[in-house]
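Written out below as structure tokens is the structure these notes cover.
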Amino acid sequence: MYDAIIVGGGPAAYSASLNLKIRNKSLLVFAGNEKTTGLMKAPQIDNYLGMPGISGTELLEAYKRHAEEMEVEIRKEKIYNILNMGDYFALNSGSEFYEARSIIIAAGHAKFKYFEGEREYLGRGVGYCATCDGPLYRNKSAAIISENEEGEEEANYLSEICSQVYYIPTYNHKTKLREGIKMIEEKVLGIYGNEVKADTLKLSDSQLNVDVIFIIRNVLPVNQLIEGLELEDGSIRVDRSMATNIPGIFACGDCTGKPYQIAKAVGEGNVAALSAVKYLDTVI
Ligand SMILES: Cc1cc2nc3c(=O)[nH]c(=O)nc-3n(C[C@H](O)[C@H](O)[C@H](O)COP(=O)(O)OP(=O)(O)OC[C@H]3O[C@@H](n4cnc5c(N)ncnc54)[C@H](O)[C@@H]3O)c2cc1C
């Protein structure tokens with residue numbers, strides 16, 4: 001059982017990690033896929049104090065190096081959901097569960113439009129994690145729509161258990177797919193189905209009738225992470241201590257809303273960590 005688990009791999013997450021470490025808390029950072037971090041695409045940053053002209057990649061590397069030098073344990077896995085167990089939380093990384101007394105969500109801002117039918121059928125033939133839910137579709141057909149190369153691993157895994165796997169990449173791809181997986185380079189128009197579950201994926205030039213559709217997103221919608229998390233204008237609602245409406249869960253950075261800026265993310269990460277320390281002092 002960790003004192004705290006941080007979900008995210010950007011400025012807010014690394015800032016929070018340092019402050020938890022300095023306060024002697026046991027912690028893990030789940031950074032996900034760093035190639036999908038928006039900051040990596042910033043060629044030059046001029047509004048971050050003391051580091052004029054630094055690139056996003058350099059800054060992120062510096063943050064990570066700092067955290068590693070402080071012996072913060074960083075995992076590249078993604079967290080798919082968090083279960084509230086009362087006096088602790090269980091986090092699902094797809095293949096494993098982890099436990100923590102407090103959580104800091106620093107998952108950034110999800111910039112995407114839902115596909116038609118995605119929200120309606122979520123949990124009913126539509127999912128965000130093939131590793132988690134794939135075994136339910138043994139010998140059935142599956143489609144994977146993916147925003148990044150993580151989807152290729154998921155498709156390769158599904159090809160071992162499903163009768164047919166279709167792969168629809170929405171990124172610039174050089175795919176490493178196993179034989180037998182059918183790649184379709186078409187635009188996704190929507191997900192349709194019957195009253196019980198989704199069964200059809202409409203594409204620009206074709207239609208797939210499948211048992212399940214997995215959507216691999218760069219950033220998961222934050223309200224999918226944990227049931228009951230309150231949002232405000234699509235961002236996580238927090239107070240000045242970065243506390244969410246769920247005791248023990250704090251949030252910081254772009255996922256709490258505008259302005260989407262590094263300095264705000266770093267500052268909120270600091271506050272969230274100190275608030276988590278205060279919370280832990282009351283529950284341990
Ligand atoms: C092109 C570009 C240029 C920019 N230029 C500037 C600038 O000049 N100045 C400035 O101040 N800001 C700039 N920004 C904004 C800045 O990058 C963000 O405000 C900042 O990175 C937010 O930090 P964050 O830690 O909240 O989120 P992010 O940096 O978005 O990091 C979130 C991380 O969490 C990971 N993650 C998400 N969900 C999960 C999960 N479920 N499990 C595990 N990991 C997860 C993501 O993969 C990502 O790595 C720019 C952004 C872009 C895209």
### Message
What do you get for the angle between helix 150-161 and the principal long axis of the chain? Use alpha-carbon atoms, 0 to 90 degrees, nearest ten.
### Response
50 degrees
### Query
Once the other residues with Cβ under 11 Å from the Cβ of GLU149 are scored (Lys, Arg +1; Asp, Glu -1), what is the net sum?
-2
### Task
Give, in whole angstrom and from largest to smallest, the semi-axes √(5λ) of the equivalent ellipsoid of the stretch 118-216, with λ running over the eigenvalues of the Cα gyration tensor.
18, 16, 12
### Task
First obtain the Kirkwood hydrodynamic radius of the stretch 25-95 from its Cα pairs, then insert it into the Stokes-Einstein equation at 4 °C and 1.567 mPa s, and state the resulting D in µm² per second as a whole number.
91 µm²/s
### Message
Between 0 and 90 degrees, rounded to the nearest ten: what's the tilt of helix 56-69 against the longest Cα principal axis of the chain?
### Response
60 degrees
### Against the rule of thumb 2.2 N^0.38 Å, how large the Cα Rg of the chain comes out
1.04
## Note on the structure
With Cα coordinates, the longest principal axis of the chain makes an angle with the long axis of helix 11-22, in degrees rounded to 10, of 50 degrees
### Query
List the trypsin sites (Lys or Arg not before Pro) in the stretch 202-284 that DSSP assigns to loop (not H, G, I, E or B) and whose Cβ has at most 11 other Cβ atoms within 10 Å. Which are they?
ARG240
### Query
To the nearest Å, what is the center-to-center distance of the stretch 57-77 and the stretch 240-267, using C-alpha atoms only?
20 Å
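Sorted from largest to smallest, which semi-axis lengths in Å does the alpha carbon gyration tensor of the stretch 170-284 give for its equivalent ellipsoid, taking the root of 5 times each eigenvalue?
Values: eigenvalues 310, 63, 39 Å².
In descending order, the three semi-axes are 39, 18, 14 Å.
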### Message
For a 30 Å ceiling on Cα separation, which of these pairs sit above it: LYS21/LYS76; LYS64/LYS187; LYS78/LYS278; LYS41/LYS264; LYS35/LYS197; LYS174/LYS197?
### Response
LYS64/LYS187; LYS35/LYS197; LYS174/LYS197
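When only C-alpha pairs under 8 Å and at least 6 residues apart count, what is the relative contact order of the chain, in percent?
22 percent.
Which GluC sites (Glu not before Pro) from the stretch 8-85 combine a DSSP loop assignment with at most 12 other Cβ atoms within 10 Å? Mind dumping the intermediate values first?
Details: sites: GLU34, GLU58, GLU61, GLU68, GLU69, GLU71, GLU73, GLU77; in loops: GLU71, GLU73, GLU77.
Answer in residue order: GLU71.
None of the figures in this text is laboratory data; all of them are computed from the coordinates on show. In this text, all values refer to a predicted model and were calculated from it rather than measured experimentally. We place every Cβ from the backbone using ideal geometry, glycine too, and count neighbours over all the protein chains shown.
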